[in-house]
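Have a look at the structure below, then the notes.
Every number in this text was worked out from the coordinates using simple rules, so none of it is lab data. Here the structure is a predicted model, which means the values were calculated and not measured. All Cβ positions, even for glycine, are placed from backbone atoms using ideal geometry, and neighbour counts span all protein chains on display.
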Number of protein chains: 2
Amino acid sequence: MRYHRGDVIDRALAVLDEYGLESLTMRRLAAELGVQPSALYHHVPNKQTLLAAVADEIVRRGRRPHRARRWDARVVEICTELRDAMLAYRDGAEVVATAHTFGLGEDEPAGRLRAALADGALPAELVDVATRTFLHLVFGHTNEEQTALQAASAGAIDREPGGHADFEQSLDLVLDGLRARTG
Amino acid sequence: MRYHRGDVIDRALAVLDEYGLESLTMRRLAAELGVQPSALYHHVPNKQTLLAAVADEIVRRGRRPHRARRWDARVVEICTELRDAMLAYRDGAEVVATAHTFGLGEDEPAGRLRAALADGALPAELVDVATRTFLHLVFGHTNEEQTALQAASAGAIDREPGGHADFEQSLDLVLDGLRARTG
DNA sequence: ACCTGAACACCGTTCAAGT
DNA sequence: ACCTGAACACCGTTCAAGT
């Protein structure tokens, strides 16, 4: 039974979504593929790289057509798409945020954010700051929301999630700050 | 040789700062204290709780007198204090941010942020959103900065850290958004 | 080229037994 | 009350050997 790198990533996604990040071990993944743990290292150099590939796949699967024209609407669109992509998989926010922190993976949303902000007639210096600001907001908010959701579904009723409304309000705060600096 | 919970936390801080989070294991910590791993469980229920206590201690040690009067200056002061506290220990941002995500520890900075924002004559509904927004910014930015710093000192020259200027610009963006909503 | 089998050097946590 | 010793059920990764 031959299998390839893509099969490994796909299975990893499935294990992640069904059992969570703490259960996504190399040994567990190997067992799921009916293979010895050592066999995985022919398709992936190590676990860190595997997780970065999983993060990229989560983001990729969440892609949808973008139709906003105004730069600020595009920012909201990109951030919301990224949030929804991460929420679609168990522990998705943690996996994607961690990969981003270590500079692994494609980081394609950052590029799209940067482009949208550059269209906003912003001082070039501000584009980088704003890009990072939005990414931190998306990762932080989504991570917290997903953790709360999973804690709630596990019985522990913590704080209310906040949810989509809070998320957009948070984005809007930063957008207001940017609009004030725009012609 | 008797020792107490406080000694365990202190030692954990020392191991964290010298060898990093990945080396802060229960077994390593026990060895450092000259004791069997199982002995730690008389002072701390599990590793997660230990790490939350370490996070609290990092924040506590970073406390300094606050003198700002205006609500927006107080927000900057609180955020900067938290950032500096986390930067003072290796992997401090990751430890503190993780504890916060899981709702563990004291979360005293959140309370102080909330108080400062409430003084800002903000619509009550916005206070919570803004509090979370600032915390996400502080954790995200500091985590990224610290990771970059440690990667740089380990030889890998990645992206420039951004540093304090970027951090304050990011806060200012949100503050502008809030000031626009204030009387 | 791809995989197995076995090993290395670890983990967090529990628990009977000692003092 | 506090600690030891030993065990349980795991980890990620490497590497000689097989096909």
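For region A:85-98, in order, what is each residue's ³J(HN,Hα) by Karplus, 6.51 cos²θ - 1.76 cosθ + 1.60 with θ = phi - 60°, in whole Hz (x at glycine and Pro)?
Computed from phi, the couplings for region A:85-98 are 4, 5, 5, 6, 10, 3, 6, x, 4, 5, 4, 5, 5, 5 Hz.
Counting only other residues whose beta carbon sits under 14 Å from that of B:Arg60, what net charge do I get with K and R as +1, D and E as -1?
Numbers: positive: B:Arg61, B:Arg63, B:Arg64, B:Arg112; negative: B:Asp10, B:Asp56, B:Glu57, B:Glu81, B:Asp84, B:Glu106, B:Asp107, B:Glu108.
Charge balance near B:Arg60 sits at -4.
Taking a point 7 Å out from Cα toward Cβ as the label site, list the nm distances between B:Ala152 and the same residue in every other copy, smallest first.
Result, one decimal in nm: 4.1.
Principal axes first, then extents: for the Cα atoms of region B:1-111, list largest minus smallest coordinate on each axis, whole Å, largest first.
52, 26, 23
From the label point of A:Val35, set 7 Å from Cα along Cα→Cβ, how far away are the matching label points in the other copies, in nm, ordered shortest to longest?
Output for A:Val35: 4.5 nm, nearest copy listed first.
Quick one: compute the contact order of region B:5-58, relative version, from alpha carbon pairs under 8 angstrom and 6+ residues apart, as a percent. The partial results should precede the final answer.
Numbers: 34 pairs, mean separation 21.4, N = 54.
It rounds to 40 percent for region B:5-58.
Give the longest segment of chain A that steers clear of trypsin sites (Lys or Arg not before Pro) in DSSP loops with at most 16 neighbouring Cβ atoms within 10 Å, not counting the sites themselves.
That would be A:71-158.
With the Cα gyration tensor of region B:5-58 in hand, give its eigenvalues times 5 under a square root as the equivalent ellipsoid semi-axes, listed largest first in whole angstrom.
Equivalent ellipsoid semi-axes, largest first: 15, 13, 9 Å.
Give me a comma-separated list of calculated 3J(HN,Hα) values for region A:46-62, in order, Karplus coefficients 6.51, -1.76, 1.60 applied at θ = phi - 60°, integers in Hz, x for any Gly or Pro.
Running phi through 6.51 cos²θ - 1.76 cosθ + 1.60 with θ = phi - 60° gives 6, 5, 4, 5, 4, 5, 5, 5, 4, 4, 4, 5, 4, 5, 4, 5, x Hz.
Based only on Cα atoms, what mean projected area does the convex hull of region B:63-182 have, in nm²?
Values: hull surface 30.5 nm².
One quarter of the hull surface, i.e. the mean projection, equals 7.6 nm².
Enter the angle in degrees (range 0 to 90, nearest 10) between the Cα long axis of helix A:163-179 and the first principal axis of the Cα atoms of chain A, meaning the one along which they spread out most.
Roughly 40 degrees, rounded to the nearest 10.
If I take all pairs of Cα atoms in region A:26-89, what percentage of them are more than 19 Å from each other?
On the way: 1011 of 2016 pairs.
Of all Cα-Cα distances in region A:26-89, 50 percent exceed 19 Å.
How large is the convex hull of the C-alpha atoms of the protein assembly as shown per residue, in Å³?
Cα convex hull per residue, to the nearest whole number: 160 Å³.
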